[in-house]
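The values are calculated or read from the model by the stated rules, or taken from the named source; none is laboratory data. Model, not experiment: these values are computed from the prediction. Reconstructed Cβ throughout: ideal geometry from the backbone, glycine too, with neighbour counts over all protein chains shown.
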Amino acid sequence: MRKYLMLATLVAVGISACATSFAQGPAEKVVEAEQVLSELMAIPAKQIPARLLEDAQGIVVVPNVIKIGFIAGARRGHGVVMTRDADGEWSLPQFVTLTGGSVGWQAGIQGTDVVLVFTTRKGVEGLLSGKFTVGVDAAVTAGPVGREAAAGTDETLRAEIYSYSRSRGLFVGVSLDGSALEIDHEAHAFFYGSPSGELPRRVPAQAAELRHYLTEITPHGVHVGPGNDRPVNDRPVIERPAPVASPRQLETIRRSLLRSSDQLQAILNPEWRPYLGLPNGIQEPGMLPTPEHLSLALQRFAHVSNSPEYQRLTKRPEFQNTFELLREYEQAVASIRPTLQLPPPPVHLHEVRPN
């Protein structure tokens with residue numbers, strides 16, 4: 001009886017979650033897609049490598065894919081796809097649905113944010129032409145991560161699609177083989193005021209902002225055209241100086257840092273919460289902490305991280321993510337508020353104090 005009650009509860013919650021996801025309008029989905037993408041890119045050590053983004057021909061973002069599983073599973077999600085034209089410019093977002101199923105001994109409800117990076121024009125054109133089956137119409141593999149990553153499960157970056165996911169709920173990881181991606185013409189017409197394939201009658205601010213953000217995080221120098229289907233590994237690596245963080249990037253890191261810190265604070269006792277708290281100035285948008293307070297917070301995290309007696313804490317993802325994001329935040333702040341590199345002050349004036 002208890003098993004049947006548990007199954008009924010899982011199904012009821014799953015139906016409710018799906019209904020909530022479907023009820024979201026296209027504008028909300030575009031905003032949510034930008035949030036998923038920006039949080040994926042917030043930590044360079046865990047983001048999509050610049051080399052892969054440089055040659056990406058399309059990116060699909062499907063926030064909160066709902067999966068209900070009990071022996072047989074079902075998957076459903078709504079998101080957006082953006083593609084590059086012949087000049088390497090990103091299109092406005094178009095709407096897609098992701099539908100799939102699975103069979104196995106699994107139980108639970110999972111919400112997973114999914115990002116797919118298409119590396120060939122063939123894959124993008126297949127998706128835009130109609131229904132597209134992941135793993136059938138194009139091979140998919142788990143994407144590599146990190147600043148310098150040039151390889152993951154596929155050392156030569158030859159896959160047609162690379163997948164990234166962030167899971168919440170009872171499952172770990174995501175398998176998309178057999179899932180279908182299909183253009184959502186109804187959502188497109190509602191959002192832009194014109195059918196797919198025609199110029200939009202209006203361009204909502206959410207769409208323009210998402211395209212601007214994708215352009216911002218995508219390295220320049222993309223090669224688009226007939227030769228683009230050669231492996232990424234065969235193309236020259238372009239050396240680029242460390243970028244200056246934009247206000248949008250700084251705000252993305254700040255929001256991710258606050259969310260991760262809240263998760264860390266939730267597992268700490270009252271004595272530890274102030275010690276590993278964030279410095280004042282991070283809580284409000286547009287505000288910056290003093291360099292001294294930011295440095296002190298990083299020193300505390302570093303001291304705890306290097307102490308064997310605190311391994312129970314330092315091995316927790318809540319601690320590791322917060323520490324990593326705090327370092328990224330400091331680097332982003334330093335890039336927009338650099339310290340002047342000056343020679344030593346005049347020796348004969350060292351003892352003179354300004355009034």
Please verify whether region 267-286 includes one or more residues that are in contact with a helix residue (DSSP H, G or I) (Cβ under 6 Å, 6 or more places away or on another chain), more than 21 Å from Glu39 (Cβ to Cβ) and basic (Lys, Arg). yes
Just checking, how many residues over region 259-289 are over 14 Å from Pro317 (Cβ atoms) and surrounded by fewer than 16 Cβ atoms within 10 Å (Cβ to Cβ)? 15
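Identify all residues within region 28-53 that are over 13 Å from Thr218 (Cα atoms) and hydrophobic (A, V, I, L, M, F, W, C); write none if there are none. Steps first, answer last, please.
Narrowing region 28-53 to residues over 13 Å from Thr218 (Cα atoms): 28-36, 39-40, 42-46.
Val30, Val31, Ala33, Val36, Leu40, Ala42, Ile43, Ala45 - these are the residues of region 28-53 that are over 13 Å from Thr218 (Cα atoms) and hydrophobic (A, V, I, L, M, F, W, C).
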Screening Gly173, Gly221, Gly227 for residues that are at pLDDT below 55 and in a helix (DSSP H, G or I) leaves only Gly227
If you go through region 264-282 one residue at a time, do you hit one that is among the charged types (D, E, K, R) and assigned to a helix (DSSP H, G or I)? no
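Table: residues versus (1) under 21 Å from Asn269 (Cβ atoms); (2) under 19 Å from the mean Cα position of the chain (by Cα); (3) of a type in the set (Ser, Thr, Tyr).
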position: Pro285; (1), (2), (3): no, no, no
position: Pro291; (1), (2), (3): no, no, no
position: Leu294; (1), (2), (3): no, no, no
position: Pro308; (1), (2), (3): yes, no, no
position: Arg312; (1), (2), (3): yes, no, no
position: Pro317; (1), (2), (3): yes, yes, no
position: Gln320; (1), (2), (3): yes, yes, no
position: Glu328; (1), (2), (3): no, yes, no
What pairs come out if I take residues in region 111-133 that are under 15 Å from Gly88 (Cα atoms) and pair them with residues that are surrounded by fewer than 17 Cβ atoms within 10 Å (Cβ to Cβ) whose C-beta lies under 7 Å away, six or more apart or interchain? Thr120/Asp229; Arg121/Asp229
Does region 43-55 include one or more residues that are under 21 Å from Gly135 (Cβ atoms), modelled with pLDDT of 90 or more, crowded, with 16+ Cβ neighbours inside 10 Å and within 18 Å of the chain's Cα centre (by Cα)? no
Given the conditions (1) in a helix (DSSP H, G or I); (2) at pLDDT 90 or above, and given that Glu251 satisfies all but one, which numbered condition is not satisfied? (2)
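Could you tell me whether Ala86 is modelled with pLDDT of 75 or more and surrounded by fewer than 18 Cβ atoms within 10 Å (Cβ to Cβ)? Talk me through it step by step, then tell me what you get.
On the way: modelled with pLDDT of 75 or more: yes; surrounded by fewer than 18 Cβ atoms within 10 Å (Cβ to Cβ): yes.
Judged against the criteria, Ala86 is a match.
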Residues in region 195-213 that are without any contact (Cβ under 8 Å) to a residue 40 or more places away in the chain and out of contact with any helix residue (DSSP H, G or I) (no Cβ under 8 Å at 6 or more places or on another chain) total 5
